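The values are calculated or read from the model by the stated rules, or taken from the named source; none is laboratory data. Computed from a prediction, not measured in an experiment: that's the story for all the values here. Cβ coordinates were reconstructed from backbone atoms using ideal geometry, including for glycine residues, and neighbour counts include every protein chain displayed. All accessible areas refer to the heavy atoms of the entire protein, side chains included, with ligands and DNA or RNA removed. Shrake-Rupley method; radii C 1.70, N 1.55, O 1.52, S 1.80 Å.
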Amino acid sequence: MAKIKRDPESTQLYFQCPGCGHLHAINDSQTDLRGEKRPVWEFNGDFDKPTIRASVLNWSYRKNPDSGKYDIEIDRCHSFITDGMIQYLDDCQHKLAGQTIELPEID
Ligand SMILES: [Zn+2]
C-alpha cells in the first residue's frame, strides 16, 4: 500500500507525518512549479517504499499578533525518508524526535 501520493492537480508528493499529525508536501522533478522556484527533492518512484532526498524540513506557523500574518515559526519537523521509513532528526520539536518509524499508509 502506498505511503506517499501524488496530488493530480499540483503533482506535488505528499505523505502523512506521524510526528506532526498532518500531511507534508514536497516537490520533485515532475511537480508543476508554475514558474516558481521552490526546492525540488529526488523521489525513487516507489510509492510503497519511498525514498526522498534531501531531508524534508517543515515548519508550522503561528499567527503573529503584530503583523496579522502567519509568520512565527513553530513545531520544526526534520526528517529523512528511506525505504518507507521516516527518520526524525534530533532537531524536531515534536515527540518523535530522534526516532525512526514506518511511514503510515495513505489513502
Ligand atoms: Zn512533520
* Structure fact -> Taking every other residue with Cβ under 15 Å from the Cβ of residue 38 and scoring Lys and Arg +1, Asp and Glu -1, one gets -3
* Asked: Magnitude of the Cβ-charge dipole of the chain, K/R +1 and D/E -1, about the Cα centre, nearest 20 debye?
  -> 240 debye
* Can you list the lysines whose alpha carbon is less than 29 Å from that of residue 3, not counting same-chain residues fewer than 8 positions off? -> 37, 49, 95
* Which ³J(HN,Hα) values in Hz, rounded to whole numbers, follow from the phi angles of region 77-92 under the Karplus curve 6.51 cos²θ - 1.76 cosθ + 1.60, where θ = phi - 60° and Gly and Pro get x? -> 9, 9, 8, 10, 10, 9, 6, x, 9, 10, 9, 7, 7, 5, 8, 5
* Structure fact -> Expected max-MSF residue from 72, 86, 26 in the GNM of the chain (alpha carbon, under 10 Å) is 72
* Structure fact -> Expected max-MSF residue from 21, 84, 68 in the GNM of the chain (alpha carbon, under 10 Å) is 68
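Using a 1.4 angstrom probe on heavy atoms only, work out the carbon and sulfur share of the accessible area of the chain in %. If you can, show how the numbers build up before the last one.
Details: 3120 of 6560 Å².
Taking all protein chains in place, the chain shows 48 percent carbon and sulfur surface.
May I ask you to give the solvent-accessible area per residue for the chain, in square angstrom, as obtained with a 1.4 angstrom probe?
Details: 6560 Å² over 107 residues.
That works out to 61 Å² for each residue.
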* Residue range of the chain that is longest and free of trypsin sites (Lys or Arg not before Pro) which are both DSSP loop and sparsely packed (at most 13 other C-beta within 10 Å) -> 1-33
* Structure fact -> Partnerless cysteines (no other Cys beta carbon under 4.7 Å) identified across the chain are 77, 92
